[in-house]
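Structure first, then comments.
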Amino acid sequence: MSLSTCEVDLSSQIDFVDAVLNELQFLRVVDHYPNLFEGSLFKNAIRRYEMLWLPLFKSANVNGRELQAPLDVEWVWQTHILNGDVYEEDCRNIVSREVDHRISTEFEREEALFRARTLWEKAYPTEPFEVDLEQLPSSVPKYICNLQCDLQEACCRLRNLYHNTSLPHYRDSFFLMSSLRRYKQHLILTKENPDSNLVPCCDVDLIWKTHLLHPSIYKADTRKFLGYVLKHPQTKIGALEISKHLSLESDTEATWNKYDMAFKRPGAIFRGECPPPLLFQTKAILHNLAVFEFAMELSKFEIENFENDKKFSFALQLDNETAIWKKKLKGGSHILEGDHQPLAQFFVNTDDKTSITLSFHQKKLFSKTPKLCHTVDLADCLQTAIRMESEENIFRIPIPLFGPANRKAYITIKTCGLPKPLSYRFTLSPEPESAKFLHPADVVSTPRTVLRREILTKQRVPCELSVYRVYSYSGNGAFTCRVLNAEQAGVMVLEVVDGDGNTVASAQMIDNNVFPSSLEPLEDPSKCITRSMSDSETALLIRGQVDWAVCMGTRQANEQSLDEERNIVQIKFFRLGNKQGWCEVRKTEHLLLIQVNRNEEIFMAVNPDEGLIILPINLEDVTECVATAVGVMLLPSLCYIAKPQDNQPGDADITSVVLRCPSLSRFSSSCATNLKLP
């Protein structure tokens, strides 16, 4: 049985592809303001919407399609509209009629925003039209919300829609035109099966909600075709609701199959709920993890109680054996200072050993005594200088000496100007023990984001957690990487955790169907991520505050080799967001270089042999790069683990799970040769 979409006549007033692209751009902007999702700013936005925006249409007697709301109000407005009947009833209670809405183009938005601002400032001279979305309001006027829907839950649903439709292929016009055809098929199936409760895939849902955001047009279109206004199913949150939705999906798929059509489409599956906003690493914290270069001066040298009748030769040198100062002195006590210039000038790099060695020997007529060397570490002084952020820091440092107890030596050093940050340099070290758990949801910080719904409904999915410590150049702990692996369920989640226990970045192995097939007709395939649907490919989604990048590994050998050096993996890297696109990947003898921004020559360096990560100092996304680097180290193993089997993961014995999550020693001999460029 087949269907034709020709009979579905949707309004010509909506260019669905353009409307979807404009809506995705709006949701992208909203996604950058996490304060709009909950808390006082969100509550104030609801107040501004109900008490000020909606009444404006009654007092000014204008059509909703003529005005553009400020961003916070527009966000609440859209979540309200998507509640259908409730929206209409609330509007009638406040405005005495339903307020219409449309998704505007950028040009239309500017004009509509100007008209709205003019009306607003006239009606509410003491209330700002736009508010600061970066700052929480100091207070929110007392107000009781009389709207009949749960806007917090509606907000979560719209955020989930964007989370599942924000990947690059949703901005491809060919993909969206195909999605529009599938939406029309969904409407026909609804008409042909009036007793069925059909639920949409993500691509269909995006078109459907874009249609809904034009209330008057949506009602006219669905009444004309179906004879009634089609309600959108409101998916609720909770384990029981997940089971119900999976059951509805199964029934919907059977209905599509009855007409020889595929319900599930590569690139359109639900990949998880939108996670809560992650905490930013503050610049001060990241600043302290950087490698610095100090310009320094030796401003004073002091000795006390050396034998008066003897002559000594003194020398100061850095750890790299660079001599910075030499002097011959008679015994006794001396204080040496430069007249108008320092005794010596030198540079110290905090990535090197930051110590100064004082050596001296006694001069004799025809011989000299053995050289005595005494070393003092400057690390504490340099860390103090980094914290102080002062251009000049002076340190008088005693140097411990061997020999007579009353001998003493001091150096006074001064930092000249602010330290120059050079790079970030991290090393990884695996913890020797791992831990087993009954379910990944017991371990990961955002289970509903990173775990498939089928896994969330299982009571037991045996898994194991491995821990890697990430150390800065100074040997201090910078981050902890928690790697959860449930091989039989096809789950690998890597979380980068800061010193306060906050998850600041993650990498997760994602399902093949998250991206379109390489056979899917796309307007510009080079701007999208596609999958061959082969078991040879493994993709990692890197996430910080937002989806940040996709790192793909492709197994090159036809069969898995017992010799790991023969297991060749091809690495590719796609940057998401504003800097979107395929990035260059280079390989030197020991380093894998990954371009972080396709428009700039900024590369991160990974040495899997040594568990080393080197990042340029001008890089903002440090934690995301750490997640990427660790993910790259794991990819050669992940590309060869078994894909999810047909057997139910919850039925496996926790004691018999074979895990392939490697420690760094797994890569010690093979990773320098088994990573291949695309």
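Residues that are at pLDDT 90 or above and surrounded by fewer than 14 Cβ atoms within 10 Å (Cβ to Cβ) within the stretch 252-292 comprise ALA254, ASN257, LYS258, ASP260, ALA262, LYS264, listed in sequence order. Of all residues in the stretch 427-463, those that are part of a helix (DSSP H, G or I) and either without any contact (Cβ under 8 Å) to a residue 24 or more places away in the chain or of a type in the set (Phe, Trp, Tyr) (or both) total 3.
To keep it simple, each residue is scored yes or no on (1) on the phi > 0 side of the Ramachandran plot; (2) outside any strand (DSSP E or B); (3) touching a residue at least 60 places away in the same chain (Cβ under 8 Å); (4) small (Gly, Ala, Ser).
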position: SER250; (1), (2), (3), (4): no, yes, no, yes
position: PHE263; (1), (2), (3), (4): no, yes, yes, no
position: SER313; (1), (2), (3), (4): no, no, no, yes
position: ILE324; (1), (2), (3), (4): no, no, no, no
position: LEU329; (1), (2), (3), (4): no, no, no, no
position: PRO342; (1), (2), (3), (4): no, yes, yes, no
position: ASP352; (1), (2), (3), (4): no, yes, no, no
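Residue by residue, here is whether (1) modelled with pLDDT under 95; (2) under 30 Å from PRO616 (Cβ atoms) holds:
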{"position": "PRO430", "(1), (2)": "yes, yes"}
{"position": "LEU451", "(1), (2)": "yes, no"}
{"position": "THR457", "(1), (2)": "yes, no"}
{"position": "SER474", "(1), (2)": "yes, yes"}
{"position": "LEU494", "(1), (2)": "no, yes"}
{"position": "VAL504", "(1), (2)": "yes, yes"}
{"position": "SER517", "(1), (2)": "yes, no"}
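For the stretch 442-451, a residue qualifies if it is closer than 23 Å to LEU161 by Cβ and in contact with a Leu (Cβ under 8 Å, 6 or more places away or on another chain), and the qualifying residues are VAL444, PRO447, ARG448. For the stretch 615-628, what are the residues that are surrounded by fewer than 20 Cβ atoms within 10 Å (Cβ to Cβ) and either in contact (Cβ under 8 Å) with a residue 12 or more places away in the chain or in a helix (DSSP H, G or I) (or both)? Across the stretch 615-628, the qualifying residues are PRO616, ILE617, ASN618, LEU619.
Consider only pairs whose beta carbons are under 7 Å apart and that are at least six residues apart or on different chains; among these, list those whose first residue lies in the stretch 276-295 and is more than 24 Å from PHE347 (Cβ to Cβ) and whose second residue is in a helix (DSSP H, G or I) and modelled with pLDDT of 85 or more. The qualifying pairs are PRO277/PRO34; GLN281/VAL622; GLN281/THR623. Might you let me know whether the stretch 105-125 holds any residue that is in contact (Cβ under 8 Å) with a residue 24 or more places away in the chain, outside any helix (DSSP H, G or I), surrounded by 18 or more Cβ atoms within 10 Å (Cβ to Cβ) and touching a helix residue (DSSP H, G or I) at 6+ places or on another chain (Cβ under 9 Å)? No - not one qualifying residue is present in the stretch 105-125. Of all the listed residues (PHE129, PHE107), the sole one being at pLDDT below 95 and among the aromatic types (Phe, Trp, Tyr) is PHE107. Once the stretch 42-92 is narrowed to residues that are part of a helix (DSSP H, G or I) and among the polar types (S, T, N, Q), the residue that is surrounded by the most Cβ atoms within 10 Å (Cβ to Cβ) is THR79. The residue pairs whose first member lies in the stretch 504-528 and is touching a residue at least 60 places away in the same chain (Cβ under 8 Å) and acidic (Asp, Glu), whose second member is loosely packed, with under 15 Cβ neighbours inside 10 Å and in a helix (DSSP H, G or I), and whose beta carbons are closer than 6 Å, counting only pairs six or more residues apart or on different chains, are GLU523/SER173.
Here GLY64 does not qualify as modelled with pLDDT under 90 and either acidic (Asp, Glu) or under 35 Å from the mean Cα position of the chain (by Cα) (or both).
To keep it simple, each residue is scored yes or no on (1) surrounded by fewer than 15 Cβ atoms within 10 Å (Cβ to Cβ); (2) of a type outside the set (Lys, Arg).
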| position | (1), (2) |
| --- | --- |
| LYS572 | no, no |
| GLU584 | yes, yes |
| MET604 | no, yes |
| ILE613 | no, yes |
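May I ask you to list the residues in the stretch 32-56 that are closer than 19 Å to ILE81 by Cα and small (Gly, Ala, Ser)? Once the filter is applied, which keeps residues that are closer than 19 Å to ILE81 by Cα and small (Gly, Ala, Ser), the stretch 32-56 yields only ALA45.
The values are calculated or read from the model by the stated rules, or taken from the named source; none is laboratory data. Just so we're clear, the structure is a prediction, and the values are computed from it rather than from any experiment. FYI the Cβ positions are ideal-geometry reconstructions off the backbone, even for glycines, and counts take in every protein chain you see.
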